[in-house]
Amino acid sequence: MPYVKEGHNVVAINSFSKTYGLAGQRIGYCYTTATIANYIRQIHKPFLLPITSIEAAIGALNDYLFIEETVKTVHEGRKYLIESFTSLGIMYWPTQGNFFIIDPPIPEFDFTDKLMQEGVMVRPVSQFGAPGRVRITIGTREANEALISALKKIQPA
């Protein structure tokens, strides 16, 4: 926001997915300078989002307790996963978001298949320009513990 207020040509984009609990709605927002916002208004498609998604997003903005709990869960989960990845020798990229990109200990598709067999779903990210890497979303304490338990089972000897 400080860069926007100073008039820099930046666009900040946020989703309503994890923090606001609206991942399935595919809705987000951006903030930018008035000049850039006017360009965006000229090219955006009308009726792009259903009114229910818009109303859900407006309501979510005021659900401070949910936002606070979600942020707390992600911060605690991030710390736990960093400690766990480190102890298991799994290379990861530092993050400020709600997911990690890791270098799995076995080929990415074998890794995702084996974790799925353990009841844990993760996503390979080759199609996003990171061949051989996997995205792991930070979840609840129970979900994170299930992930680490599954990782221990599939770690090569």
In nm, what is the difference between 0.36 nm times the number of residues separating GLU76 and SER17 and their Cα-Cα distance? 19.4 nm
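Might you report the magnitude of the Cβ-based charge dipole of region 34-152 about its Cα centre, with Lys and Arg at +1 and Asp and Glu at -1, to the nearest 20 debye?
Computed charge dipole of region 34-152: roughly 380 debye.
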Per the helix-only calculation at 222 nm, which mean residue ellipticity applies to the chain, given -39500 (n - 2.57) for every DSSP H run of n ≥ 4 and division by its residues, nearest 500 deg cm²/dmol? -14500 deg cm²/dmol
Within region 48-62, name every residue whose backbone N is under 11 Å away from a label modeled 7 Å from Cα of TYR29 along the Cβ vector. 57-62
Return the percentage of antiparallel bridges among DSSP beta bridges fully within the chain, rounded to the nearest 5 %. 100
Per the Cα gyration tensor, the chain corresponds to an equivalent ellipsoid with semi-axes, largest first in Å, of 35, 18, 16
Candidate lysines - alpha carbon under 27 Å from LYS79, same-chain residues fewer than 8 apart omitted: LYS18, LYS114, LYS152, LYS153
Most to least packed among 24-37, 51-64, 132-145 [average Cβ atoms within 10 Å]: 132-145, 24-37, 51-64
Report the extension gain between ASN9 and ASP63 in nm, rounded to one decimal, defined as 0.36 nm multiplied by the number of residues separating them, less their alpha carbon distance. 16.4 nm
Answer with one residue from THR33, GLN155, THR112: the one whose Cα lies farthest towards the positive end of the charge dipole of the chain, charges on Cβ with Lys, Arg +1 and Asp, Glu -1. THR33
What are the membrane-span-like helices in the chain by this rule: whole DSSP H runs, Cα extent along the axis at least 18 Å, mean Kyte-Doolittle hydropathy at least -0.5? 64-88, 141-154
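The numbers here are math on the coordinates, done by the rules we state, and not lab data. From a predicted model like this one, the values you see are computed outputs, not experimental measurements. Neighbour counts are summed over all protein chains in view; Cβ atoms, including those assigned to glycine, are modelled from backbone coordinates with ideal geometry.
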